[in-house]
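What follows is one structure encoded as structure tokens, with my remarks underneath.
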Amino acid sequence: MARVPKELGPADIYRACDASTFSFKSTADLPELAEIIGQHRAVSAVSFGMGIYNDGYNIFAAGPTGTGKASTIYEFLSQQAARRPAPDDWVYVHNFAQPHRPNAIRMPAGKAQEFRKDMEKLVEDLQAAITHAFEGEEYEKQKRTIAQQISERQEAKLSTLGQKAEEGSFTMVRTPAGLAFAPKTAEGETMSREIYEALPPEQQKQIDEGLESLNEELQQIMRLVRQDERTGREAVRELDREVTTFAAKHLVDEMCDRWCSVPEMVDYLKAVLNDVVDNADDFKRSDEETPVTFMGIPVSGRHRSEGAFRKYRINVLVDNSAETGAPVTTESNPVLQNLVGRVEHQAQFGALVTDFNMIRPGALHKANGGFLVLEARELLMKPYSWDALKRTLKTGEIRVEDIAQQMGFATTATLDPEPIPFKAKIVLIGEPFIYYLLYTQDPDFQELFKVKADFDTVVERTPENEQLYARFVAHICRSRGLSHFAPDSVARVIEHCSRLVADQRKMTTRFLDVVDLLTESAYWAEHRRGTRRRTMVRGRDVQKAIDQRIYRSNQIEERLREMIADAIIMIDTRGSVIGQVNGLSISVIGDYAFGRPSRITATHRLGDGEVIDIEREVDMGGPLHSKGVLILAGYLGAKYASEGPLSLSARLVFEQSYSGVEGDSASSAELYALLSSLAGVPILQRFAVTGSVNQRGQVQAIGGVNEKIEGFFAVCEASGLRGDEGVLIPKANVRNLMLNERVRKAVVKGRFHIYPIATIDEGLALLTGLSVGVANAKGLYPKGSVNRMVVDRLAVLADNAREAGRKKDKEGSSERA
């Protein structure tokens, strides 16, 4: 005979926290929390990831929201960053050889701004020195000397030609069109056109030939004159270069001596000197500059010079002068530009222009040499950002990219800045499913993120951890300015933390939910007497916060209970019915879950051994529910018809179910209803059942046990609690019980009963009030037992099936005859 299980007592259905174990009078007396609660595995992984500097050992912190991932990461990063030196600064400078590819230069931490100021002062000094040099008397004297030498050489050449012309009776004249020759008369006067035409042809020909010869020589001399002019201009330019070099070199040399510790900077300064010498005119100041116009807009010489000086500016991309250690950077909006930087453009005269001064850093630049923390979900939702991060980690350099170029759109001309070497630790924070999705679908992820920090959602409920929770409550009160908690309120918080994970031996580590509870409890404490004033939070304030949160969310639950009380949804809590049982299910609406009873019925008739789930037949049953029904059929055949045919057709259904059924937690209830139908034995309707079943008849654990019990209790209470109602739950779920106060009081008074069930036979005995029966050595059950009734009914069905078969065979033979 199956043993009737012993019902659970008050100590079994709730694990209370003893407030007397706390030695404080208020959480204000407690010290600060100096450790992470319940995350030893994750803390160890983060510590390992922070300590190893090899490539690819970046960290993915995996865990549900609110488990303290971010706070743990930031705590470790802050500790590591404080022990590391501040990383180098980075600047972009003009590339005089390839202006579209600005050069990146590394500088010691805090030196970039200093160098930028030095360059600004150098430009000012160069302006003053070069202007002074070109305004000096010595420069003007040398310039006049060059001009005089060129003029004398030109005059000598022209004078020689003039003398030759005079000897040939010609004279050299200056006209608006230039130099020319004309014949002279015997008196030495310039010959007029009339006199020339009156001359004999032979004499005219002689004059023409003389003019032609002189003009040819003049053309040769003018070429030499122009060469002299070019030589003069080149001499002036060389003079300008010498003067500019003399005025600028010592200033640039002083800068080189000061920044000789940065080799790239010395090379850059030498390039600056060469460019200054080539563009000395830009450095000459003049108070009498005449504005020029561009597209009708006047542009002064001063503004032109300022534009010319932009190439000598220093674009400080990363400035670590304020850092005392390695940077810890985060980016809440990791779009491509915020991650790898961008090149900005400025509208000038209707066109978009840019230069190296408009390069802006991204999060990778700011975190270089330190740590970068990113939300995995946000990163993956931003186009091209994930690929850019992987590319940076694989190549070890940050390349400023334009998203328009990534998408293949035609854009305005832009820059191609020199990539910057990258060395930093990347920490991604996200849910576990994102980690596994990337691990299975992205081969690069396994190489780049080799450290998984797995944050748990629960922690063991030990006395030590309860004390840590009290310190956590104190920490939240201090950091958020909340009223402090008394020992009884801390105890109630700890009890609720066990309820959140439905486990008497554990507490939740989803601290986001706990913080919300603390905040709401402090609110109700301050409004306890109708006036807002700060007071210590008591246990009743915590309970008020829990009750109010439920009240804000349980409107649908209350409407369903009203429908049950009004018999719109039919649930029996009295009497007994064959083939009918109260099953328990759970409904989840947003952030609120509640339990409710459902009527499950079973019928059977002669058939070929199939057990039909009506929900599955109409596509309202999920795969887990269908699996539970198939297991039920396997148990039925193995236990009651292992040596013969199972000649029945059974129908199982959740009555008044309109939204579908999923899960196998009702499979034991369905089995009870079917056995009741086969045995013809009624089931006591004052009980409700939950639990899945395996093919051996063992009742297995399910989820939502607290909500299911409380849901049935509420229905019984609404119908009028008589004191004999109860719930059958799997024995394995006893540790999950953390029931509310109303159910606990009813259990204490003996007005509500909870039974832990290990096997189907135990539950059947309780539900029917009859002996179930145990098979003897021959496999026979005692007469009058429920199991014997089931076996007898199946035997009758088998006989009827054989008889129906014989009749069918006879009818077939008659038709053939």
Unmet requirement for Phe283, which otherwise passes all of (1) hydrophobic (A, V, I, L, M, F, W, C); (2) in contact with a Leu (Cβ under 8 Å, 6 or more places away or on another chain); (3) at pLDDT 90 or above; (4) within 25 Å of Phe356 (Cβ to Cβ): (3)
The listed residue being within 17 Å of Val262 (Cβ to Cβ), in a loop (DSSP other than H, G, I, E, B) and out of contact with any Ser or Thr (no Cβ under 7 Å at 6 or more places or on another chain), out of Pro99, Pro87: Pro87
Mind checking which pairs have a first residue in segment 6-33 that is without any contact (Cβ under 8 Å) to a residue 24 or more places away in the chain and within 24 Å of Arg505 (Cβ to Cβ) and a second that is open to solvent by 70 Å² or more (accessible area, probe 1.4 Å) and of a type in the set (D, E, K, R), Cβ under 9 Å, 6 or more apart or different chains? Ser23/Asp29
Being among the charged types (D, E, K, R), open to solvent by 50 Å² or more (accessible area, probe 1.4 Å) and within 21 Å of Ala673 (Cβ to Cβ) narrows Arg793, Arg806 down to just Arg793
Residue check, Asp516 against (1) open to solvent by 70 Å² or more (accessible area, probe 1.4 Å); (2) part of a helix (DSSP H, G or I), all met but one. Which one? (1)
Consider only pairs whose beta carbons are under 9 Å apart and that are at least six residues apart or on different chains; among these, list those whose first residue lies in segment 534-548 and is free of Cβ contacts under 8 Å to residues at least 12 places away in the same chain and whose second residue is open to solvent by 70 Å² or more (accessible area, probe 1.4 Å) and acidic (Asp, Glu). none
Among (1) part of a helix (DSSP H, G or I); (2) touching a residue at least 24 places away in the same chain (Cβ under 8 Å), where does Asp792 come up short? (2)
Among the residues of segment 709-744, which ones are of a type in the set (Lys, Arg) and part of a helix (DSSP H, G or I)? Lys731, Arg735, Arg742, Arg744
Could you list, in sequence order, all residues of segment 585-606 that are in contact with a helix residue (DSSP H, G or I) (Cβ under 7 Å, 6 or more places away or on another chain), closer than 30 Å to Tyr523 by Cβ and open to solvent by less than 50 Å² (accessible area, probe 1.4 Å)? Tyr592, Ala593, Phe594, Gly595
With of a type in the set (Ser, Thr, Tyr) and touching a His at 6+ places or on another chain (Cβ under 7 Å) as the only criterion, which of Thr27, Thr21 stands out? Thr27
Which of the numbered conditions does Ser659 fail, given that it passes all the others? Conditions: (1) polar (S, T, N, Q); (2) open to solvent by 40 Å² or more (accessible area, probe 1.4 Å); (3) touching a Pro at 6+ places or on another chain (Cβ under 8 Å). (3)
Only one residue in Asp355, Asp456 is in contact (Cβ under 8 Å) with a residue 24 or more places away in the chain, of a type in the set (D, E, K, R) and buried (at least 19 other Cβ atoms within 10 Å of the Cβ). Which one? Asp355
Pairs needed: first member in segment 675-702, among the charged types (D, E, K, R); second member anywhere, open to solvent by 10 Å² or more (accessible area, probe 1.4 Å) and in a loop (DSSP other than H, G, I, E, B); C-beta distance under 7 Å; at least 6 residues apart or different chains. Arg686/Thr573; Arg686/Arg574; Arg686/Asp724
Could you check segment 549-584 and list, in sequence order, the residues that are farther than 26 Å from Gly769 by Cβ, open to solvent by less than 50 Å² (accessible area, probe 1.4 Å) and of a type outside the set (Asp, Glu)? Ser553, Asn554, Leu560, Ile569
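Yes or no, residue by residue, for (1) modelled with pLDDT of 80 or more; (2) on the phi < 0 side of the Ramachandran plot:
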{"position": "Ala593", "(1), (2)": "yes, yes"}
{"position": "Ser598", "(1), (2)": "yes, yes"}
{"position": "Thr601", "(1), (2)": "yes, yes"}
{"position": "Arg605", "(1), (2)": "yes, yes"}
{"position": "Glu610", "(1), (2)": "no, yes"}
{"position": "Ile614", "(1), (2)": "no, yes"}
{"position": "Asp619", "(1), (2)": "no, no"}
{"position": "His625", "(1), (2)": "no, yes"}
Inside segment 18-51, the number of residues satisfying the requirement of being part of a loop (DSSP other than H, G, I, E, B), open to solvent by 20 Å² or more (accessible area, probe 1.4 Å) and among the hydroxyl-bearing types (Ser, Thr, Tyr) is 1
Among the numbered criteria (1) over 30 Å from Glu447 (Cβ atoms); (2) open to solvent by 70 Å² or more (accessible area, probe 1.4 Å); (3) without any contact (Cβ under 8 Å) to a residue 24 or more places away in the chain, which one does Asn54 miss? (1)
Which of (1) at pLDDT below 95; (2) open to solvent by less than 30 Å² (accessible area, probe 1.4 Å) does Thr412 not meet, given it meets every other one? (2)
Selected residue (only one of Arg223, Arg193, Arg230, Arg237 is more than 60 Å from the chain's Cα centre (by Cα) and under 30 Å from Arg285 (Cα atoms)): Arg230
If the requirement is being of a type outside the set (Ser, Thr, Tyr), without any contact (Cβ under 8 Å) to a residue 24 or more places away in the chain, within 30 Å of Val588 (Cα to Cα) and surrounded by fewer than 12 Cβ atoms within 10 Å (Cβ to Cβ), which of these qualifies: Gly720, Gly784? Gly720
Single match in Ala198, Ala182, Ala156 (criterion: surrounded by 12 or more Cβ atoms within 10 Å (Cβ to Cβ) and of a type in the set (A, V, I, L, M, F, W, C)): Ala182
Within segment 474-491, does at least one residue satisfy the condition of being closer than 21 Å to Glu35 by Cβ, open to solvent by 40 Å² or more (accessible area, probe 1.4 Å) and of a type in the set (Val, Ile, Thr)? no
For segment 323-336, name all the residues that are among the small types (Gly, Ala, Ser) and either without any contact (Cβ under 8 Å) to a residue 24 or more places away in the chain or surrounded by 20 or more Cβ atoms within 10 Å (Cβ to Cβ) (or both). Ala326
Find the residue count for segment 635-674, including only residues that are farther than 19 Å from Val727 by Cβ, of a type in the set (Ser, Thr, Tyr) and in contact (Cβ under 8 Å) with a residue 40 or more places away in the chain. 5
Which one is farthest from Glu397 (Cα to Cα), of the residues in segment 326-366 that are modelled with pLDDT of 90 or more and small (Gly, Ala, Ser)? Ser332
State all residues of segment 746-781 that are hydroxyl-bearing (Ser, Thr, Tyr), part of a loop (DSSP other than H, G, I, E, B) and either surrounded by fewer than 19 Cβ atoms within 10 Å (Cβ to Cβ) or in contact (Cβ under 8 Å) with a residue 40 or more places away in the chain (or both); if no residue qualifies, say none. Ser771
Any residue in segment 221-250 that's more than 25 Å from Lys157 (Cα to Cα): show its pairings with residues that are open to solvent by 90 Å² or more (accessible area, probe 1.4 Å) and not aromatic (Phe, Trp, Tyr) at Cβ separation under 9 Å, as long as the two are six or more apart or on different chains. Asp240/Asp281; Arg241/Asp278; Val243/Glu138; Thr244/Asp278; Ala247/His132
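The values are calculated or read from the model by the stated rules, or taken from the named source; none is laboratory data. Treat the numbers as computed from the prediction; the structure is a model and nothing was measured. Backbone-built Cβ (ideal geometry, glycine too); neighbour counts: all protein chains shown. Note: areas computed on protein heavy atoms with side chains; ligands, DNA, RNA excluded. Shrake-Rupley method; radii C 1.70, N 1.55, O 1.52, S 1.80 Å.
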